[in-house]
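Below is one structure, written out as structure tokens, with a few remarks after it.
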Amino acid sequence: MKFDYPIGATPLDPDEIAGLIPTHITAQAQLNEWEQVNIIKAETWLFTTKHSTILTTAFLQRLHKKMFDQTWRWAGKFRQTDKNIGINWMAIPIQLKDLLDDVRYQIAQKSYSLDEIATRFHHRLVLVHPFANGNGRHARLMTDILLTSNQHARFTWGRNNLSSKNETRERYIKSLRAADQYNYSELLEFVRL
């Protein structure tokens, strides 16, 4: 199967591709549809189940597994290779612990508005890039559960499909890159379009 990656997507290595569970998939469109069905099931679980705590690495992994457990054998497992984006794979657990500790502190201290805390959380989670694939989709759902668990509305994320090549995805990637330079204004605007 030939993969067609949209801008900013993380290419899979051959070992990761070998982890594809459904054997009938032969085209990118089929894979996208299969993953989306898997993600919708995870989203239903995420927003209809009471979660005692979400800001843990175990919860991050559990959500990723729920999102991709019918698609990839490595769902919910931290990547073990370096990618075109993200930190060194060996630092993932430490960086995630720091991120989650920071967010808990920011919420308790009201360091920023909840929208800004959630936006910064999303950016840092994407920057760490803990999984082989699905990091943006995972980070968006994690951000949304962070918001709803604090009695805030989910982000709109540009009100368009961010998984395919389109103008909205390009704006999203551009705003993430600006946040890489500590300019969060574009991303803060984008998440509530």
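How high is the relative contact order of the chain? Use alpha-carbon pairs under 8 Å, at least six apart in sequence, and give a whole percent.
Normalised by residue count, the contact order of the chain is 20 percent.
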Nearest-ten-degree value, helix 57-68 long axis tilted from longest Cα axis of the chain = 40
Can you pick out the pairs among Lys2/Lys66; Lys50/Lys165; Lys2/Lys174; Lys110/Lys165 whose Cα atoms lie more than 31 Å from each other?
-> Lys50/Lys165; Lys110/Lys165
Segment 108-193: chymotrypsin sites (Phe, Trp or Tyr not before Pro) in DSSP loop, at most 10 other beta carbons within 10 Å | Tyr182
So how tilted is helix 135-149 from the main axis of the chain? Cα-based, degrees 0 to 90, rounded to 10.
-> 40
Tilt, helix 167-180 to longest principal axis of the chain (alpha-carbon atoms), in degrees rounded to tens, equals 60
Long-range HN-HN contacts of Trp72 with modeled amide H, under 5 Å | Ile21
Grab the DSSP H runs of the chain that are 4 residues or longer, score each as -39,500 (n - 2.57), total them, divide by all residues and round the 222 nm result to the nearest 500 deg cm²/dmol.
-> -17500 deg cm²/dmol
Solvent-accessible area per residue for segment 46-193 at a 1.4 Å probe radius, Å²?
-> 50
If you bin the C-alpha pair distances of the chain every 10 Å from 0, what whole percents do you get?
-> 9, 37, 40, 14, 1, 0
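Sequence gap at least 6, Cα distance under 8 Å: using those rules, report the relative contact order of segment 1-86 to the nearest whole percent. Let's see the in-between values first.
Working: 70 pairs, mean separation 30.0, N = 86.
Worked out over segment 1-86, it gives 35 percent.
The values are calculated or read from the model by the stated rules, or taken from the named source; none is laboratory data. Just so it is clear, the model here is predicted, and its values are computed rather than measured. Neighbour counts are summed over all protein chains in view; Cβ atoms, including those assigned to glycine, are modelled from backbone coordinates with ideal geometry. Note: accessible area is taken over every heavy atom of the protein model, side chains too, but ligands, DNA and RNA are not part of it. Shrake-Rupley method; radii C 1.70, N 1.55, O 1.52, S 1.80 Å.
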